[in-house]
Amino acid sequence: MAVTVQKHERPPIWRNTTILKWTAQIAFLFGFLAIVAVVVPQVQDNLAGRDITFGWDWLTSELGFLIREGIDTDPATGARTMLVGMVNTLRVTISGVIAATIIGTIIGIARLSNNWIVNKLATVYIETIRNVPLLLQMFFWSAIAGTFVVLDPFDPDTLEAGKYWVAATSKGIGLAWIQPWGGFYQWMIWVLIGAVLGYFLHRRQFRIKEETGRETYPNLSAFGVILVFAIIGWFAHPIFGFVGTIVEAIGNLVGAIPTFALQVVLAVGAIAVGIWWINRFLDERRTPAGLAKLTDDDWFRMITAGVVAVGFAAFFLIVSGFSAKTLDVGEDFFSRWLAPKFDSTTNVADITIDDIQAQVAAGLSLEQIAAEQELRINADLLGLSGADLDAAVAARTPAIRIYENLPEKPDERLTFIPAHKLVEGLTAGVADNLNTLVENDGITPTELATELRLIQDRADNPLRWSRAEVQIRGSNFLDLSPTSGINITPGFFAVWIAVTLYTGAFIAEIVRAGILAVSKGQTEAAGALGLTRAQSLRFIILPQAFRIIFPPLGNQYLNLFKNTSLGIAVAFSEIVSVGFTTSNQTGQTLPVILFWMGFYLSGSLILSAVVNFYNRRLQLVER
Amino acid sequence: MIKRLSVLLFALALVAAACGDDSGDSATTTTTGDGQATTTTADGATPTTTGGDTGQGGGTLAAVKARGVLNCGVSTGAVAFTEIQPDGSATGIDADYCRALAAAVLGDSEAVVFFPTTAAERFDVLKAGQVDVLFRNTTWTASRDTDVGLDFGPTTYYDGQGLMGPSNRFSSDSGPADVDGAILCTNAGTTTEKNIREWASLGGASISLETVENFSEAMDAFIAGRCDLVTTDASGLVGEKISRELSGEIEVDEWVVFPTSPISKEPLGPAYRQNDSEWGDVVNWTVYSTFIAFEKGMNSTNVDELRAAAGTDDGDPEIARMFGDASPEIMAALGLDADAFYNVISQVGSYDEIFDRNLNPVGLFREGGLNDLWTEGGLIYAPPFR
């Protein structure tokens, strides 16, 4: 036999998959950039040709229109306007996802019930809801909301001002709700300690159960520990008042960190994560003999990971604003937001209970007291001091008017605390009748001040029932109090109930399919082992069904998220509705559409990333 | 070796194909440009005016003439301004001005296609070239004139924003203090949203604003008690009120429109794309011709008589000029037929005729108001036609 060359020979360049692959990647990248380079100027030309300006100035300028509901109904800038819309969208999405999941699971199981009526009812529900367009359903619920009791003091059938467990009115639906109250944050520390101990107890009991087979009730005991701590904490929560000092110190500490230090830490962190990822990746690829056989694809992934890590590190080092903002937010969170939650009493305004009592006795209405406090609290911002301030107080000039007339407004309008936020209870509550309450109903000034949210007593209960309240606002209008119970506007109601029922119907079918997909042998085997029907559902069927259900469930969540954009049709102030008004007021249609796309794209990607993460964890581990 | 060669050839072929693709790309780009031009030409314009049809420069006039029909943007429904009929036509003062423009440009007041647009989409529809002009109770504001990229013609109706509420709690003298704490309904994408916030905030009132897509929905919400008051241009409110009173849906004066002096200036008139002065002149002078006819006491019934009289020695020379009898060069410079404005007056009518026909039935009168002739203390005034 002749000598054959066994030497490994590199393939010629045109057959080397590495080179071909990389060439293709790079060519595609440049091709893409070239298309962008062609399209962008073309779009610019077309826009200019039609006299359509394109810009983002509207994000920082004041748009000057009110929003019906949300975290800020009179936003100062375009960016904040869009934020209000985004938060509203997320609010309806999150509550809709939870409710749709519950409804879907129940209906899906009911669809498999042996009870004829239950079974048929579930079928009718699914077939009806699934086959009617969602927009029509929204109109239907909006019309239903239109039939509720009219809130008008001149209407004899109206609801009188007062507290209600449920108040379905034309201006919204009010429901009683549990509300965090005075000692909530101290109490949460008790609950947190209980949860940590419960976690460890659960682990221990579970281990014993696994090892010995003895029933140790891990879930029950963990829950019991949390409950015991919650009950003790209900009475003993004031002892954690000192935490406020610690939180304050943390806040100060965060504030003391130089920006540069955080930049370095973040950059090093980014590099470290990159190195960790590459190392882990190499470990995964390593054969038991310790040899890593890497394909070109693997190299490509590692290089990408490295480039991304370096990119992030460079970003953190170059853009100091990100780190500075992070520190600011951190400091604000601890010092300004969290720390005051632990103070024994919080005076939002610099006024004591005795002062309020004296002023009420002197014949001042609570609105007048609030107006004065509004001026005093915002004095710095308004540029008032000494005699000017006293004059303004005496003239009872509304602070907002002075603010509006300022020649140069401070950048952050957020720092302005309007009276209605300062004493939400005042506009919210019983307004004109408060004075009478003090005199007639035996309400104490402390209670009054607490009601006005001027003072919150940390020794008070952690939670309280807050009933919906029909209140008199302004010049004799009836409305639901925004601070009592939960308050659902007709728009929110229509969108929420429509997307919940609609998505619920699809989820029900997914649940049914998932349960049916578990082989019948599993149920029979469970029965043979002597498990009851409930046990076999709990331990055998549902865990396997859930694995099948989960991926399509994630798709339904995405659908729900995107379907909320129909809210504009029933006057719900979600991102599309708010953006629509914005684009119309500013003429910036394209930027607003880009904003919408960015929001929905990133929301969907985040949601699907979460779903994928859990999906991967749920997959069968195969060897 | 042969195998290698064939591979090499194949690779070369790939490269060549890739290059071919590239050149193909650039070719496509050009075709896209051509394609656009072709599409616009298909619309009926000559190649020189294609740019104008999509916005820049002139061209709308030629495009409309070539198309033989005027695309007019109107409201989806505003009592007495635009009321869409089941057959797709429209009545109302705005619709009549669409007809007047069609009469001037095309000689036929019926050569109009009405495009109902919502308040929020109207400017995009106009800027995208889907309509030639907007007669859609649109308020002339500085930002719309500049930022939004529009030009405005003479105001055809001087309006002001008002509020409407039940008369058992509001009167025509009600002010900000009376609406403190109320929820107000209005439709999205109009000047009213900003006006009402400003007005309430200046008056020290705190209000909530429920924004719906169309004004008819705002009325529905108001009737259902979703909001306490409804706000838009006073003319619209009066129109809604009177038409509901006439149909017996509400009792007479169950609702009241206030305050007496409107909370804002709302000059409503035609809007067209920016930088098309040729088309702008046509729109403006069509509107002015109805003003001049108002001033001269002309209307569709006596126009022939007055035109004939203007031809005589002691006739009104301005009428003769306007109807192209005296100095046809003005009409030629405008790019219109000599008797274009005669068509406007004879087919549609003078300003007072259009106004009375549409707005009187809903209780809006011009006498003594801003919408009367300048000689009567109003603001209706046309520059001289010479």
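The values are calculated or read from the model by the stated rules, or taken from the named source; none is laboratory data. What you see is a predicted model; the values in this text were computed from it and never measured. Neighbour counts run over all protein chains shown; Cβ positions are idealised from the backbone, glycine included.
Results, tabulated for the structure shown:
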| read-out | value |
| --- | --- |
| Filtered residue count, the range A:88-120, keeping only those that are of a type outside the set (A, V, I, L, M, F, W, C), surrounded by fewer than 16 Cβ atoms within 10 Å (Cβ to Cβ) and over 10 Å from the mean Cα position of the chain (by Cα) | 5 |
| Strands (runs of 3 or more DSSP E) wholly inside the range A:135-184 containing at least 2 residues that are surrounded by 20 or more Cβ atoms within 10 Å (Cβ to Cβ) | A:166-169, A:172-175 |
| Unique residue being assigned to a helix (DSSP H, G or I), modelled with pLDDT under 90 and either of a type in the set (D, E, K, R) or not assigned by TED's automatic domain parsing to the domain that holds A:Ile189 (or both) when the list is A:Phe316, A:Phe312, A:Phe300 | A:Phe300 |
| Index of the failed condition, A:Leu531 passing every other in (1) within 14 Å of chain B (Cβ to nearest Cβ); (2) surrounded by fewer than 18 Cβ atoms within 10 Å (Cβ to Cβ); (3) not in a helix (DSSP H, G or I) | (1) |
| Residue, nearest to A:Gly485 (Cα to Cα), within the range A:185-222, restricted to residues that are of a type in the set (Ser, Thr, Tyr) and part of a helix (DSSP H, G or I) | A:Tyr185 |
| Residue match in the range A:28-44 (condition: touching a Gly at 6+ places or on another chain (Cβ under 6 Å), within 13 Å of chain B (Cβ to nearest Cβ) and assigned to a helix (DSSP H, G or I)) | no |
| Single residue of the range B:147-165 satisfying the filter (facing chain A (nearest Cβ under 7 Å) and of a type outside the set (Gly, Ala, Ser)) that is farthest from A:Asp57 (Cα to Cα) | B:Val148 |
| Residue check, A:Leu134 farther than 18 Å from A:Thr564 by Cβ, in contact (Cβ under 8 Å) with a residue 24 or more places away in the chain and in contact with a Phe, Trp or Tyr (Cβ under 9 Å, 6 or more places away or on another chain) | no |
| Residue count for the range A:51-74, restricted to those that are hydroxyl-bearing (Ser, Thr, Tyr) and within 7 Å of chain B (Cβ to nearest Cβ) | 2 |
| Verdict on A:Ala249 being within 30 Å of A:Leu192 (Cβ to Cβ), in contact with a Ser or Thr (Cβ under 9 Å, 6 or more places away or on another chain), in a helix (DSSP H, G or I) and without any contact (Cβ under 8 Å) to a residue 24 or more places away in the chain | no |
| Test set (1) away from chain B (no Cβ under 14 Å); (2) hydrophobic (A, V, I, L, M, F, W, C); (3) buried (at least 17 other Cβ atoms within 10 Å of the Cβ) - A:Phe580 fails condition number | (1) |
| Condition met for A:Ile497 (touching a Phe, Trp or Tyr at 6+ places or on another chain (Cβ under 7 Å), away from chain B (no Cβ under 14 Å) and under 30 Å from B:Pro176 (Cα atoms)) | no |
| Qualifying residues in the range A:49-87 (those that are assigned to a loop (DSSP other than H, G, I, E, B) and closer than 23 Å to B:Ala128 by Cα) - the one nearest to the chain's Cα centre (by Cα) | A:Trp56 |
| Cβ pairs under 8 Å, 6+ apart, first in the range A:4-20 and within 13 Å of chain B (Cβ to nearest Cβ) and in a loop (DSSP other than H, G, I, E, B), second modelled with pLDDT of 80 or more and surrounded by 12 or more Cβ atoms within 10 Å (Cβ to Cβ) | A:Ile13/A:Ile19; A:Trp14/A:Leu20 |
| Enumeration of residues in the range B:139-180 that are free of Cβ contacts under 8 Å to residues at least 60 places away in the same chain and not assigned by TED's automatic domain parsing to the domain that holds B:Thr232 | B:Thr141, B:Ala142, B:Ser143, B:Asp145, B:Thr146, B:Asp147, B:Val148 |
| Strands (runs of 3 or more DSSP E) enclosed by the range B:177-262 - at least 1 residues per element that are at the interface with chain A (Cβ under 8 Å from one of its Cβ atoms) | B:183-187, B:208-212 |
| Residue match in the range B:275-288 (condition: closer than 30 Å to B:Ala62 by Cα, surrounded by fewer than 20 Cβ atoms within 10 Å (Cβ to Cβ) and in contact with a strand residue (DSSP E or B) (Cβ under 6 Å, 6 or more places away or on another chain)) | no |
| Test for B:Gly203: is it out of contact with any Leu (no Cβ under 8 Å at 6 or more places or on another chain), outside the structural domain of B:Trp279 (by TED's automatic domain parsing) and under 30 Å from B:Leu61 (Cα atoms) | no |
| Subset tally (residues that are out of contact with any helix residue (DSSP H, G or I) (no Cβ under 7 Å at 6 or more places or on another chain) and touching a residue at least 60 places away in the same chain (Cβ under 8 Å)) for the range B:292-306 | 1 |
| Members of the range A:44-55 that are surrounded by 13 or more Cβ atoms within 10 Å (Cβ to Cβ) and either farther than 21 Å from B:Gly129 by Cβ or touching a Leu at 6+ places or on another chain (Cβ under 9 Å) (or both) | A:Leu47, A:Asp51, A:Ile52, A:Thr53, A:Phe54 |
| Filter pass, A:Thr123 being among the hydroxyl-bearing types (Ser, Thr, Tyr), surrounded by 19 or more Cβ atoms within 10 Å (Cβ to Cβ) and in the same structural domain as A:Ser577 (by TED's automatic domain parsing) | no |
| Test result for B:Ser172, in a helix (DSSP H, G or I), of a type in the set (Gly, Ala, Ser) and out of contact with any helix residue (DSSP H, G or I) (no Cβ under 6 Å at 6 or more places or on another chain) | no |
| Out of A:Phe506, A:Phe493, sole residue that is in a helix (DSSP H, G or I) and either closer than 21 Å to A:Val149 by Cα or among the hydroxyl-bearing types (Ser, Thr, Tyr) (or both) | A:Phe493 |
